[in-house]
Structures are given as C-alpha cells and as structure tokens.
Amino acid sequence: MRDRRQRYRLVACRDIDLNKITLKEAALRELALFLGLLFLGFVVMPVAIYWVGQYVFGDYAGYGYSDFFGTLSARIRGGDRIAWFFVLAPYLAWQLLRLTLFGWRHSGKSPA
C-alpha cells in the first residue's frame, strides 16, 4: 500500500531527489508555480470577486470594473499589505497545503 501511495503522490508535494532533479530545475519549477499563481491572484481573482460582488451586493461604488481594478492596482503599487495579501493568497494557500501534506506524510498519519 505504501508503494502505491508513493507512485500516486502529488507532483508538487513529492520529495526532490537531487540526483534526478537539479537545483536549477527545482528553482525554475517553483518560479513557474509562483508566476502562475501570481497571475491567478492579480488577473483572475479580481475579475471573479468583482462579478460575485456585483451579483451579491449590487453595483460597485466606482465606475465599473476598470475603476475597481485601478483601485486595487494603485493599492498594490502603494504597498498596501491587504492588497498584497489578496494577490499572493493563491500562492500562500498552495504553500500551506504543501506544508500540511508534508507534515502528514512525515508524521505517519493519513490525511483522510
């Protein structure tokens, strides 16, 4: 059973074998993951939040989506911590999931 679980382990949560994967390849993989999730946090999430917010709460107080995105990007450029947390939330959630799975795997307990 243990061997079967090892074969089907999540790609992002597997142990890095330095004989098979170089440090450069691992760093490039992490960079690609970070950039992809940053794109998700900066482009996809604001669109989803705007449309859900418009459906639930009604019209945005500004002049539509462009004003909403402009306000968000201005706060990011201004260094607002909440805006940065919002943009980095997909990456932080993924890292938290990876850390949780790592802890379960090394404690010997099953996550389910």
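The numbers here are math on the coordinates, done by the rules we state, and not lab data. Just so you know, these numbers come straight off a predicted model, no measurement behind them. All Cβ positions, glycine included, derive from the backbone under ideal geometry; neighbour counts span all protein chains shown.
Which of the peptides 94-104, 36-46 is most tightly packed, and how do the rest follow, judged by the mean count of other Cβ atoms within 10 Å per residue? Don't skip to the end; give the middle numbers.
On the way: 94-104: 13.1, 36-46: 15.5.
Result, highest mean first: 36-46, 94-104.
In what order do V87, V52 fall by count of nearby beta-carbon atoms within 10 Å, going from fewest to most? Could you put the intermediate results ahead of the total?
Working: V87 22, V52 10.
Ordered from fewest to most neighbouring Cβ atoms within 10 Å, V87, V52 come out as V52, V87.
Amide H to amide H under 5 Å from D80: which residues, 5+ apart in sequence or cross-chain, H placed 1.01 Å off N in plane?
Hits under the 5 Å cutoff: none.
Would you kindly state how much longer the chain becomes between F69 and I21 on full extension, computed as 0.36 nm times their sequence separation minus their alpha carbon distance, in nm to one decimal? Walk me through the numbers before you get to the answer.
Values: separation 48, 0.36 × 48 = 17.28 nm, distance 3.94 nm.
Length gained, F69 through I21: 13.3 nm.
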